[in-house]
Amino acid sequence: MYKMIEFIKSEVFVIILTVISLTCTRYPLWLLLVASLVVILFCVRSLEEDNAFKTRSAMWWVQLALFFIFCLLAGEWFSYLIFSESNTRKFKWDNVLVPSVLYVVVSLISQRGGLAIHLLYMILLLVIAAVMQGMQLGLRTYMEAQSKVGNVVKVSALNELYQRKLNQELTLKNFLADKNARLEERENISRNIHNSVGHSITAAIMTLDAADMIYDVKPELARERMHVAQDRIKGSLESIRHAVRMLDKEAESISCDDFEKTLLTVADEFAMDTSIKIRTTFTRIADSVQIPHEHVEFLTGALQELLTNGVKHGNADVFDVQVISDSSHIKLSVKDNGKSGFNDENRDIKIKNGFGLKKIDSYVRSCGGEMAVTAVEGFRCEITLPLLKEEKDG
């Protein structure tokens, strides 16, 4: 912006100086020609880059030559003011001193006029050039101050825009994190309700069916079975309440002893309701293993799911349940003697289409674990979950 203002000022000054000089010169056409070359030179100078030192230096000598010819053609003292537009940075005061010094030197060489008049014109040239340079310096200072203010405003606006964008990104990330947390909670509720409630209701239905079959023969035993089924349904309602309460419960770690007792309770209740045989084996490589509460909920539900599937879909009546735990992993293995219909070709399709197995596989993958399914002389499912350090520390 400042370079544009400086260019316009120089052009206007040369035009005004040329118009005044035309009233005094005896060579108006030549003066107009030189003035036109000076104007063209100013245009080229305004387009030059500041780092083009060699080009700028050569151009400075050309413009000094044109200025000198302009002064000789004009033949008047005021024409030397054109040297104030030399705009060189070689000396600090050259644009002020050069017009008056050159005028005195040329006047003395040509021996025109008296010394007093030369001194007067020299002083006038010095004063006018000093005023012009002072105005130019003031304009430069003002423009630099405006530029600094503009830069401060621009930086402030950019910082505000960046801060606003950062706040928007943080808000979006928090929203997505909350959304993912809600989805994960919904997934946990769905899995827990399916695993706990579904199996309890299935067991209650099976108990009621058994009671119905023996009601005419053994009414007391049938009534006892119906009471058991009633307790199962009440337990299902409690499981629903428990799943909802889990939303507000902090994560906890459970010892291997408590976890084994929980699995034994599930196995014993299921065996009592279905009259099947369940053999359990627990192997601990490290005694101080702590299992995350969420893993306990999942593995308990997974055991119920695999037991129910074995009876419902494979007609199994014998199960082997094994749990192996060390300092970094826990593995649950459930094998039955049923006919599942699984094989290497349809395994992925059956897992994908089966709601229970699909939920189990999804959770295992999300935790970085592994699930292996085989169907050799029955059905076997092995679930391996990693125990993170922060989870173990409780």
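The values are calculated or read from the model by the stated rules, or taken from the named source; none is laboratory data. The model shown is predicted, which means the values in this text are computed figures rather than measured ones. Note that we place each Cβ from the backbone using ideal geometry, even for glycine, and neighbour counts take in every protein chain shown.
A few points about this structure:
- Region 58-71 residues that are over 13 Å from residue 10 (Cβ atoms), paired with ones that are among the polar types (S, T, N, Q) and outside any helix (DSSP H, G or I) (beta carbon under 9 Å, 6 or more apart): 60/86; 60/87; 60/88; 64/86; 64/88
- Set 299, 332, 306: member being out of contact with any Cys (no Cβ under 9 Å at 6 or more places or on another chain), assigned by TED's automatic domain parsing to the domain that holds residue 257 and crowded, with 21+ Cβ neighbours inside 10 Å: 299
- Wholly within region 275-394, helices (runs of 4 or more DSSP H) carrying at least 3 residues that are hydrophobic (A, V, I, L, M, F, W, C) and under 30 Å from residue 204 (Cβ atoms): 293-314, 355-366
- Pairs, first within 17 Å of residue 86 (Cβ to Cβ) in region 130-149, second at pLDDT 75 or above and in a helix (DSSP H, G or I), C-beta under 7 Å, six or more apart: 130/96; 132/84; 133/84; 133/96
- For region 362-378, the set of residues classified as out of contact with any Ser or Thr (no Cβ under 6 Å at 6 or more places or on another chain) and under 19 Å from residue 336 (Cα atoms) consists of 371, 372, 373, 374, 376, 377, 378, listed by residue number.
- Condition check for residue 119: outside the structural domain of residue 83 (by TED's automatic domain parsing), closer than 30 Å to residue 99 by Cα and surrounded by 11 or more Cβ atoms within 10 Å (Cβ to Cβ): yes
- When 130, 210 are checked against the criterion of being surrounded by 13 or more Cβ atoms within 10 Å (Cβ to Cβ), at pLDDT below 80 and in a helix (DSSP H, G or I), a single residue qualifies: 210.
- Checking residue 363 against (1) touching a Phe, Trp or Tyr at 6+ places or on another chain (Cβ under 6 Å); (2) over 30 Å from residue 180 (Cα atoms); (3) touching a residue at least 40 places away in the same chain (Cβ under 8 Å), the condition it does not meet: (2)
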